Amino acid sequence: MNASAPTADSLRAALAGLLGGLPPKQATQAVDRLIANYRGTTPTDAPVLRDRSDVAAYAAYRMPATFEAVRGALAALRAAAPAWEPRTHTDVGGGTGAASWAVAEAWGERPPRSTVLDWAEPALALGRELAVGALDAEWRTARIGGALKLDDTDLVTVSYVLKELTPADRDALVTEAARAAQTVVIVEPGTPDGYERIIAARTRLIEAGFTVAAPCPHSGTCPIEPGTDWCHFAARVSRSSLHRKVKGGSLPYEDEKYGYVAATRLPPSPAASRITRRPQIRKGMVQLDLCGPDGLGRDTVTKRHGPLYRQARDAEWGDSWPPEDEG
């Protein structure tokens, strides 16, 4: 067992140590191609990560953001099921293992043993190198798609994978995850089409007998009218010098937009409502856009609300509301 739990800082340190000698030109070219795949239509008949340069570029470009997005989803899951501790975890399409790092951090005192499945052996190889001394994990080559069969496990994560699959394979994969796991967490880009994939997965999980633990405060129909908006959140990602180099950015951070669903066979305690946009702080008041059991709404908190007003000023996009001690 590792002496200390993996963290965002330890992941960045591992990346810097392994990728410090990455040739900038080669990395930039690989990152440009990966961005095109990430934003466009990705082929479904071959791995996106083809060789060591692709994998190294991906690790520098996407791994910190994926870690933070999964970290946010797991934090909401843990808030809804605080007593639950998974002992086994399967990271489907996990590549270099960002989701497994987030899982290990979430249950840092007793992290589950992770099994990382991916069809790109170069990604698994680099993931193994990064994980030395940090993760209790096994790395297996597997074709990610409709024919994938999973061993029974406590937790399945599927992060930034559904976009790479055909609709039929997406449905089959989510169904298999629901069969194999007690809890399933799915994360996708925070885009309109990412939201559509999350909603389809959410529906399939509910049909399989799961209850939504987060982000939704209920397991009913999403109140967002299709085509008018989409549910997503944001995670702040600190950029290392390596990260800034491969992405050509100057700011020390970026915001990763993501959507997710965490569903479980446990009896969770979902949030009373969820903040669905950045709180709007005005003079003497805070406006909160919320999703609750009765649908979408807005709560205005003013100074007259005393301690609740101070908590509203500190609230963040994606938080539950109201705070438990004020509920």
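The values are calculated or read from the model by the stated rules, or taken from the named source; none is laboratory data. Quick caveat: nothing in here was measured; it's all calculated off a predicted structure. Note that each Cβ is placed from the backbone with ideal geometry, even for glycine, and that neighbours are counted across all protein chains shown. Note: accessible area is taken over every heavy atom of the protein model, side chains too, but ligands, DNA and RNA are not part of it. Shrake-Rupley method; radii C 1.70, N 1.55, O 1.52, S 1.80 Å.
Against the test of being under 11 Å from the mean Cα position of the chain (by Cα) and more than 19 Å from Ala16 (Cβ to Cβ), the options Leu74, Leu124 yield a single qualifying residue, Leu74. Once region 317-327 is narrowed to residues that are at pLDDT below 95 and open to solvent by 40 Å² or more (accessible area, probe 1.4 Å), the residue that is nearest to Ala80 (Cα to Cα) is Glu324. Residue pairs whose Cβ atoms lie under 7 Å apart, separated by 6 or more positions or on different chains, with the first residue in region 300-319 and closer than 10 Å to Leu288 by Cα and the second basic (Lys, Arg), are Trp317/Arg277; Trp317/Arg278. Mind listing whichever residues of region 107-134 are farther than 22 Å from Arg78 by Cβ, open to solvent by less than 10 Å² (accessible area, probe 1.4 Å) and assigned to a loop (DSSP other than H, G, I, E, B)? Ala120, the sole residue that qualifies.
Per the listing Thr191, Thr175, Thr183, Thr166, the residue uniquely touching a residue at least 12 places away in the same chain (Cβ under 8 Å) and crowded, with 21+ Cβ neighbours inside 10 Å is Thr183. State yes or no: is Asp289 more than 30 Å from Asp152 (Cα to Cα), modelled with pLDDT of 95 or more and among the charged types (D, E, K, R)? Against the criterion (more than 30 Å from Asp152 (Cα to Cα), modelled with pLDDT of 95 or more and among the charged types (D, E, K, R)), Asp289 qualifies.
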